[in-house]
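Undergrad: Pasting in a structure now, in structure tokens, and then I'll have a few things to ask.
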Amino acid sequence: MEKMLIVGEVLKPQGIRGEIKVKPFTDSPEDFYAFKRVFLGGEEYRVLKARMGGGAVFLTLRGVPDRNAAELLRGKEISVLREDAPALEEGVYYIADLLGSAVETEAGEHLGVLTDIRPAATDIYTLEKDGKEILFPAVEGVILGIEPGAKRIVVDPKRFGEVAVKN
């Protein structure tokens, strides 16, 4: 399992006092209230203040005193240590734990390896097999089981065939 989890991306500086505007990658932007420290470009920053607005998160970080310092963080991913991340509900997984999983039917037919998950109203999973991409939405009835420890995702072959798109 990954030690670090990517939770957002710095969009831009906000104001003149070093605050940054963040696009959250978490299910709930309010998760940022729990973070005491974050990592940007491998460097640790202590979170002094977090606030929400318009679907974005605004962070004030120790060591980022003004707009010029905040500008240097533009476009960087924000990570947290796994132990600092909120506990997950049953049946909910971190994307980092699913990437690289083999996607198979109940009968064991290998359909590909999970290379990307695009969060949306219905997450879009991307598989790779023989150099080709296969995309499918994680809609009801397609995914039958997820075993993150075994790096395995089991899908219903009929439903998968109905919704999968090959690129």
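Please treat every number below as a calculation from the coordinates, not as lab data. Only a predicted model underlies this, so the values are computations on that prediction, with no experimental measurement involved. Reconstructed Cβ throughout: ideal geometry from the backbone, glycine too, with neighbour counts over all protein chains shown.
Undergrad: If packing is taken as the average count of other Cβ atoms within 10 Å, what order do 116-126, 51-61 fall into, highest mean first?
TA: 51-61, 116-126
Undergrad: Charges on Cβ only, +1 for Lys and Arg, -1 for Asp and Glu, centred on the Cα centroid of the chain; of ALA87, VAL38, LEU73, which one is farthest towards the dipole's positive end?
TA: So the residue furthest toward the plus end is LEU73.
Undergrad: Any chance you could tell me what percent of the C-alpha pair distances in the chain go past 20 Å?
TA: 56
Undergrad: Over the range 4-84, what per residue volume does the convex hull of the Cα atoms give, in whole Å³?
TA: Expressed per residue, the convex hull around the Cα atoms of the range 4-84 is 76 Å³.
Undergrad: Just for the chain, what percent of DSSP beta bridges are antiparallel, to the closest 5?
TA: 90
Undergrad: May I have the pair-distance distribution P(r) for the range 95-166, computed from all Cα-Cα distances with 10 Å bins from 0 and rounded to whole percent?
TA: All Cα pairs considered, the percentages come to 21, 63, 15.
Undergrad: Looking only at the range 95-166, where both bridge partners belong to it, what percent of the DSSP beta bridges are antiparallel (to the nearest 5)?
TA: Taking every DSSP beta bridge within the range 95-166, about 85 percent pair in antiparallel fashion.
Undergrad: Same structure, new question: Quick check: residue separation of LYS3 and ARG17 times 0.36 nm, minus the Cα distance between them. What number comes out in nm?
TA: Gain in length upon complete extension: 1.9 nm.
Undergrad: Here is a follow-up. Assigning unit charges at the beta carbon (Lys, Arg +1; Asp, Glu -1) and nothing else, what dipole magnitude in debye, to the nearest 20, does the chain show about its Cα centre?
TA: I would put it at about 960 debye.
Undergrad: Right, something else. With contacts defined as alpha carbon pairs under 8 Å and 6 or more residues apart, what's the relative contact order of the chain in percent?
TA: Relative CO of the chain lands at 19 percent.
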